[in-house]
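One structure below.
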Amino acid sequence: MCGIIGYIGNREAQAILFNCMSRLEYRGYDSCGIAIGGKNIHSIKNKGRVIELQENAPRIEGTLGIGHTRWATHGTPNAVNAHPHFDCHGKIAVVHNGIITNYLQLIRKLKNKGHEFVSETDSELIPHLIEEYYCGDLQDAVEKALDEIEGTLAIIVLKEDIEELIASRRNSPLVIGIAENEVFVASDVPAIVEFTNKIVYLEDGDTARISKDKIRIKRNEVTITPVINEINVTKTEIEKNGFDHFMLKEIREEPEIIEQSLDMLTNEKNIDEYRQVIREVSDISIIGCGTSYHAGLVGKYIIEEALGIPVRVELASELNHRHRMIIPDLTIAITQSGETADVLVPLKKLHQCQAHTTVITNVYGSTASRISDSVLYTHAGPEISVAATKTFIAQLLELYKITFYSSIIDTDSRMYAHKELMCISEKVKQMLENDVQFQRCGEFLSEHNEVFFIGRGINFPIALEGALKLKEISYIHAEGYAGGEIKHGPFALLDENTPVIALLTRDGTRDAMISNIKEIQARKSPVIVISDSQDKDIDGITDAVITVPQVPYLFSPIVNTIAVQLIAYYGAKFKGCPIDNPRNLAKTVTVE
Ligand code: AGP
């Protein structure tokens, strides 16, 4: 969950580290720190955001250094627990992303040998352990230390008087960026894309010895030649470009993402990829967490309705603790980041059982993409806001494509779906222009403490997603419910201070939903209906209507999602919340 960065080159490291750390903040932002190497190591760290540390930092000269943005796991966010951590003599500095599971045992052992610890973290043991093994070769000492450590990690190590960085990863992401006489190491590509587009993806177990003009990677005891990938993420993709928040910018990108996703279908090779995913299978399981889980729930409706294949959708975090794993013919794992620990654990188990897996992810080279049989990239570009928005829409598009381009669907259904999907982006553009209705609703919700979202059928998951989005960024308590379920308990919570957002679509669920809305109104709750049509059926039974474009039922989650995303965004904005970096959260959740 934390972000780590390393730099070695000819330029002053301090400014570069701060720049990259600000781009890594979405991974954790409760505290941060840097260490600059050279003859001696100088370090500064603090509780709070990178900008606060940067503004108060003295100038530290040096052309190599490491930095860290933290999402606390062991120990409260404060300057002592912030990284980098040091050995006893302040000669070895380490930044770490991950969790060490045998830390108590290792700390005990090190204390018995006279090591003194200052923080409450598990990470601090790493420099101490390296110090124990150091006999003149830093890489050797790092490798020996890592042999003793259990858990997940990506680390960068700096030692005084050595013009090298050592980096290593195990189940936490780490990439190396190469430029002219300078090298970057980072938790992800967007952190360093301003400086280079030449990226080397480290694999689990790799250790890299990095100087400004040379990288030596050791994999399975052998030094390998690094494979350099030229990636096409641009700086504008990681800037706000005039928007107040990344979240709004990312929602505004959705029509383009839909178009790009459908453009992939003009290439026969891509179409073939979609044909291959669902073939002769008798059951499918979809796994994911949070928003990606909600995409999976929509996927169930799409696949079951269009293909008639039963789909089980599982919270990946729950699956991990089952005594018995039921293995379906196909498992689709959905994970924007491709690094969510709760998804990686079952995915690895499935891989070991030789079960067939496909991953839908937005991050090229992510761990999930490397442990599955096939990968569908969502190509949504970097998503910086902690709240997933455009990547959710892109995940839905992948689910539509694997369904309607599957080798087992009839041609008419495919052509119909294709024609309808092609019209959606234009409709979404028009909807985004009528922003005021979402602003008004957001303002109204911002004055309340409890909100319900209800939906039926394929829009039930969108009610869940609307509630997740609202609570995540506005801190308003929100619940998503199936329209028919709300009377089975939650009715007890309804009163004039509890608004209900109802998703009403012209489909088989419409009449039942209208009955639910009337029942809610009778309990005095304000009802705001998100509807694809405004007619006499809903006159007088709602306090406000938000109109979304009419699209066929199976595609209605696209427009309804964008509506609930915007409502959540404006709700949080009216409350003055830190929308892109909500408290206690992190974009990539690499702990179980
Ligand atoms: C979404 O807004 C959340 N930040 C969160 O629920 C997220 O979807 C979840 O952590 C899963 O992440 P992933 O898609 O990267 O696996």
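The values are calculated or read from the model by the stated rules, or taken from the named source; none is laboratory data. None of the values given here were measured: they were computed from a predicted structure. Note that we place each Cβ from the backbone using ideal geometry, even for glycine, and neighbour counts take in every protein chain shown. These area figures cover heavy atoms from the full protein model, side chains too; ligands, DNA and RNA do not enter into them. Shrake-Rupley method; radii C 1.70, N 1.55, O 1.52, S 1.80 Å.
The figures follow:
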{"item": "Accessible-area composition of the stretch 214-321, carbon plus sulfur, in percent [1.4 Å probe]", "result": "47 percent"}
{"item": "Degrees separating the helix 138-148 axis from the principal Cα axis of the chain, which is the longest one", "result": "60 degrees"}
{"item": "Gyration tensor verdict on the stretch 240-426 (Cα atoms; rounded if a/c is under 1.5, prolate if a/b is larger than b/c, oblate otherwise)", "result": "oblate"}
{"item": "Amide H partners (placed H, <5 Å) of Ile546, local residues excluded", "result": "Val529, Ile530, Ser531"}
{"item": "Cα gyration tensor, the stretch 419-489 - rounded (a/c under 1.5), prolate or oblate", "result": "oblate"}
{"item": "Area projected by the alpha carbon convex hull of the stretch 389-535, averaged over all directions, nm²", "result": "10.0 nm²"}
{"item": "Rel. contact order, % - alpha carbon contacts under 8 angstrom, at least six apart, the stretch 3-237", "result": "19 percent"}
{"item": "Over the stretch 3-237 - Rg/Rh using Cα atoms and the Kirkwood inverse-distance radius", "result": "0.93"}
{"item": "Karplus-derived 3J(HN,Hα), 6.51/-1.76/1.60, for each residue of the stretch 75-91, Hz, glycine and proline x", "result": "x, 5, x, 7, 5, 5, 7, 5, 8, x, 9, 10, 6, 4, 9, x, 9"}
{"item": "Alpha-carbon Rg with Dmax, taken over the stretch 1-140, Å", "result": "14.5, 41"}
{"item": "Spatially proximal aspartates and glutamates relative to Lys113 (Cα-Cα < 12 Å; intrachain offsets below 8 disregarded)", "result": "Glu131, Glu132"}
{"item": "Environment charge at Arg510 (Cβ cut-off 9 Å; Lys +1, Arg +1, Asp -1, Glu -1)", "result": "-1"}
{"item": "Counted charge near Pro552, where neighbours are those whose Cβ lies closer than 13 Å (Asp, Glu -1; Lys, Arg +1)", "result": "-1"}
{"item": "Candidate lysines for bridging to Lys401, where Cα separation is under 28 Å - those fewer than 8 sequence places away on the same chain excluded", "result": "Lys249, Lys269, Lys300, Lys348, Lys349, Lys390, Lys419, Lys427, Lys429, Lys469, Lys587"}
{"item": "J(HN,Hα) series, the stretch 253-264, from Karplus relation 6.51 cos²θ - 1.76 cosθ + 1.60, nearest Hz, glycine and proline x", "result": "7, 4, x, 5, 5, 4, 4, 4, 5, 6, 4, 4"}
{"item": "Hits among lysines - C-alpha to C-alpha of Lys39 under 21 Å, sequence gap 8 or more where chains match", "result": "Lys91, Lys159, Lys212, Lys214"}
{"item": "Among Ser282, Phe460, Gly151 - extreme Cα towards positive end, dipole of the chain, charges at beta-carbon", "result": "Gly151"}
{"item": "Approximate shape of the chain as ellipsoid semi-axes (Cα gyration tensor, √5λ), whole Å, largest first", "result": "45, 26, 22"}
{"item": "Rounded, prolate or oblate (a/c below 1.5 giving rounded, otherwise prolate when a/b exceeds b/c) for the stretch 208-294 by Cα gyration tensor", "result": "oblate"}
{"item": "Positive minus negative residues near Lys235 (Lys, Arg vs Asp, Glu; Cβ under 11 Å)", "result": "-2"}
{"item": "Under-5 Å amide H pairs with Ile360, H placed in peptide plane, nonlocal only", "result": "Ala333, Ile334, Thr335, Leu376"}
{"item": "Mean accessible surface per residue for the chain, computed with a 1.4 Å probe while every protein chain stays in place, in Å²", "result": "39 Å²"}
{"item": "From phi via Karplus (6.51, -1.76, 1.60), per-residue ³J(HN,Hα) for the stretch 364-371 in Hz, x at Gly/Pro", "result": "4, x, 5, 4, 4, 5, 8, 10"}
